[in-house]
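A short worksheet on the structure shown next.
The values are calculated or read from the model by the stated rules, or taken from the named source; none is laboratory data. What you see is a predicted model; the values in this text were computed from it and never measured. In this analysis, Cβ positions are derived from the backbone assuming ideal geometry, glycine residues included, and neighbour counts consider all displayed protein chains.
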Amino acid sequence: MRSKPGGKKWYCQKFHEGIKEIGDIIISETPEKFLESLTLNVPPEKQGRKQYIVIIEFNTARGTISFDYEGIKEETPKKYLWIGNATSPNDPQDRFTTNNLEYLVSQTIPNFRLLIQEGELGEFFEEISSQSHNKLISFRVP
């Protein structure tokens, strides 16, 4: 039930509607800027050592995983939409941009397999999971 104007429920509802309208305007005018605003800065060096991003390509048709890498540059976070790890240790790891390969294999892929079970993407996650469990995947590092 709605409170009269000036009441707490009414205020919260108007506040949420205003936030939604602002978001709709931002997304409709520059959708790419919205995604870029979510990216995190990744410095090219950490503790005096150059940092790299590892690109992993899953080829379910051949049953392989290919690895490539490149040095971190200023445009890297935007190019790969780097959003890092889940924000809390208790949150499910639901991001493919991670600084921990173990998260990707043990949490992200299984979490997405449960979340997306239908369609081409669902089949993709099912295939990755079944191949990795059956050890049919070979690793090639260029």
Helices (runs of 4 or more DSSP H) contained in segment 29-136 and holding at least 1 residues surrounded by fewer than 13 Cβ atoms within 10 Å (Cβ to Cβ) and at pLDDT below 80: 31-38, 119-133
Looking at C12 and the list (1) over 20 Å from the mean Cα position of the chain (by Cα); (2) of a type outside the set (S, T, N, Q); (3) modelled with pLDDT of 75 or more, which single condition is not satisfied? (3)
Expected output for segment 123-138 (first residue assigned by TED's automatic domain parsing to the domain that holds N59 and closer than 18 Å to F67 by Cα, partner modelled with pLDDT under 65 and assigned to a loop (DSSP other than H, G, I, E, B), Cβ below 9 Å, 6+ apart or cross-chain) is I128/I137; Q131/I137
